[in-house]
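Structure first, then comments.
The values are calculated or read from the model by the stated rules, or taken from the named source; none is laboratory data. All values derive from a computational prediction rather than experimental measurement. We place every Cβ from the backbone using ideal geometry, glycine too, and count neighbours over all the protein chains shown. All accessible areas refer to the heavy atoms of the entire protein, side chains included, with ligands and DNA or RNA removed. Shrake-Rupley method; radii C 1.70, N 1.55, O 1.52, S 1.80 Å.
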Amino acid sequence: MPDSAAGLLARLDAANRDQVAAEVRKLETIHELCLAYHAVDEDAFGEAAEKLIYHGAGGTPAVAEYLSLEVAALLGMSPGAAAALIGDVLNCAYRHPIMWQAVRAGAVRWYRATAVISEVNRAGLSYDDAQHVDARITPQLCALPRGRALRLLRGLIAAAAPERARAREQLARDRRHLTLWSPTLDDGA
């Protein structure tokens, strides 16, 4: 390999490591903001009164409702997207603690973690079931390609809450619909 190619590959590797480190710093900072914004001014009233709200699923702490506005302004995103990001960080930190440590260590990328979090939340798993799935799926995320990891995850979710899995399957069957349409030619008669 030419020296210039080796240098370029080393530079690309360094850029990738820097990107992962910056992503981890951003996520850790959002988590620290959630810890800092865990209370509101209870003496405020009227329009200035801020409430505590839950962005995450069961087992995550509430945060001040205006935190998502602050994060949105700083990161250049909509308040809804910021609220979703805060929810994902809280879900990862509290419902998937093994994955949270793996993300913080750079062993699991954030986009892979959010795919797991979304599937677990969509399935409506309890706090304990989410932690059980976390313990089983996180070690596999580093080794398996995305498709295989998602298939394994769906199996773990179904095993964690079989009654919910059956209900989701029945709902999917009930929602299936087929419409046949046959156009008729109007010959003007």
Q | Directionally averaged projected area (convex hull, Cα atoms, segment 69-120), nm² | A | 3.7
Q) Quick one: putting +1 on the C-beta of Lys and Arg, -1 on the C-beta of Asp and Glu, what dipole do you get for the chain around its Cα centre, in Debye to the nearest 20? A) 1160
Q: Quote the FRET efficiency, to the nearest 0.05, computed for A22 versus K51 with a Förster distance R0 of 35 Å and r equal to the Cβ-Cβ distance.
A: 0.65
Q | Exposure ranking of S126, S182 by accessible area [1.4 Å probe, largest first] | A | S182, S126
**Q.** Sequence of D3, D13, D129, D174 from largest to smallest accessible area, 1.4 Å probe
**A.** D3, D174, D13, D129
Q. With the chain treated as a Gaussian network of Cα nodes joined by springs under 10 Å, which of A14, A123, A113 yields the largest mean-square fluctuation?
A. A14
Q: Grab the Cα-Cα distance for R173 and Y127, subtract it from 0.36 nm times how many residues apart they are, and report the gain in nm with one decimal.
A: 13.8 nm
Q) Across the chain, where is the longest run that never hits chymotrypsin sites (Phe, Trp or Tyr not before Pro) in a DSSP loop with at most 11 other C-beta atoms within 10 Å? A) 46-180
Q: Using only protein heavy atoms and a 1.4 Å probe, report how much of K51 is accessible, in Å² to the nearest 10.
A: 130
(Q) At 1.4 Å probe size, what's the solvent-accessible area of V133? Round to the nearest 10 Å². (A) 0
**Q.** A135/T184 FRET efficiency (R0 41 Å; Cβ-Cβ; nearest 0.05)
**A.** 0.10
(Q) For the chain, what are Rg and Dmax over the alpha carbons, in angstrom? (A) 22.5, 81
**Q.** Surface per residue (accessible, 1.4 Å probe) for segment 121-166, Å²
**A.** 58
Q) Treating the beta-carbon of each Lys and Arg as +1 and of each Asp and Glu as -1, no other charges, what is the dipole magnitude of segment 1-112 about its Cα centre, to the nearest 20 debye? A) 680
Q) Among E169, E65, E23, whose mean-square fluctuation peaks in a Gaussian network model of the chain (Cα, cutoff 10 Å)? A) E169
Q.
Please report, ordered by residue number, every helix of the chain (full DSSP H runs) that is 27 Å or longer along its axis going by C-alpha atoms and whose mean Kyte-Doolittle hydropathy reaches 0.0.
A. 3-36
